[in-house]
Amino acid sequence: GAVVSQHPSRVICKSGTSVKIECRSLDFQATTMFWYRQFPKQSLMLMATSNEGSKATYEQGVEKDKFLINHASLTLSTLTVTSAHPEDSSFYICSAREVNSAKNIQYFGAGTRLSVL
Amino acid sequence: RKEVEQDPGPFNVPEGATVAFNCTYSNSASQSFFWYRQDCRKEPKLLMSVYSSGNEDGRFTAQLNRASQYISLLIRDSKLSDSATYLCVVRDGGFKTIFGAGTRLFVKA
């Protein structure tokens, strides 16, 4: 099946630093990618929808200046957590849907566990 | 009311048992339905899509009731390896995908 690669899998950083997370679709093209955040024992919460070649669409309550999204190609989207703080510590997961796929399935990256000290 | 609701559990069952999970959704315009499985500290993985006529994949059976707006997942002959959180996922005709909070299952020897 389709594969989504997410990197890095684990980040520990100091408060105030910026962290960049990459999401790649390895064997298919993804016009749209999704970024989720999941706190312990909670559901995935959609943060933003990333569209190739255009600005991302952010969900209500998600600061676009804090969570910068770039979707420069059909196989790569990046999420940058700027000036991270301890409350940003969470599990971040990207997801992609295959262009022109009749299956209509979302594939997930393995996630990035961010810990801000 | 949440857009997708699931019983959080946990469901504690012995090996070999049959267990069923239900999920309700609020948007009557929802078009696609899925069950995902998520292991602890891992990403969700697609278990199966849910079709209007109901569908089966080995020990797993999924059903959709559009009139009542609920989806079910039945697991027969539970295995230890079935222990996970099961996420009900609903998508509208566009790109909006809503995840349920998940139902935790523990299968014990």
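The values are calculated or read from the model by the stated rules, or taken from the named source; none is laboratory data. As the structure is a prediction and not an experimental result, all values here were calculated from the model. Counting neighbours? That spans all protein chains shown, and the Cβs are built from the backbone with ideal geometry, glycine included. Side chains are part of the model used for accessible areas, which takes the heavy atoms of the whole protein and leaves out ligands, DNA and RNA. Shrake-Rupley method; radii C 1.70, N 1.55, O 1.52, S 1.80 Å.
Here is the figure for region A:39-74: residues that are in a loop (DSSP other than H, G, I, E, B), at pLDDT 90 or above and either open to solvent by less than 70 Å² (accessible area, probe 1.4 Å) or at positive phi (or both) total 5. Of all residues in region B:67-87, those that are closer than 16 Å to B:G100 by Cβ have Cβ atoms under 6 Å from Cβ atoms of residues that are open to solvent by 40 Å² or more (accessible area, probe 1.4 Å) and outside any strand (DSSP E or B), 6 or more apart or on another chain, in B:A84/B:D39. Can you tell me how many residues within region B:48-59 are in contact with an Asp or Glu (Cβ under 8 Å, 6 or more places away or on another chain) and part of a strand (DSSP E or B)? Final tally of qualifying residues: 1. Residues in region B:32-45 that are open to solvent by 50 Å² or more (accessible area, probe 1.4 Å), within 9 Å of another protein chain (Cβ to nearest Cβ) and in a loop (DSSP other than H, G, I, E, B): B:R41, B:K42. Of the listed requirements (1) closer than 18 Å to B:V4 by Cβ; (2) of a type outside the set (F, W, Y); (3) assigned to a loop (DSSP other than H, G, I, E, B), B:L73 misses just one: (3). Given the structure, is A:L44 in contact with an Asp or Glu (Cβ under 8 Å, 6 or more places away or on another chain) and either free of Cβ contacts under 8 Å to residues at least 60 places away in the same chain or within 14 Å of chain B (Cβ to nearest Cβ) (or both)? No. Going by the structure shown, is B:G58 open to solvent by 20 Å² or more (accessible area, probe 1.4 Å) and either touching a Ser or Thr at 6+ places or on another chain (Cβ under 8 Å) or within 11 Å of another protein chain (Cβ to nearest Cβ) (or both)? When the stated conditions are applied, B:G58 does not pass them.
Can you tell me which of (1) touching a strand residue (DSSP E or B) at 6+ places or on another chain (Cβ under 9 Å); (2) not in a strand (DSSP E or B) is the one B:A67 doesn't meet? Checking B:A67 against (1) touching a strand residue (DSSP E or B) at 6+ places or on another chain (Cβ under 9 Å); (2) not in a strand (DSSP E or B), the one that fails is (1). Of everything listed in (1) more than 26 Å from B:D39 (Cα to Cα); (2) away from chain B (no Cβ under 13 Å), the single unmet condition for A:L79 is (1).
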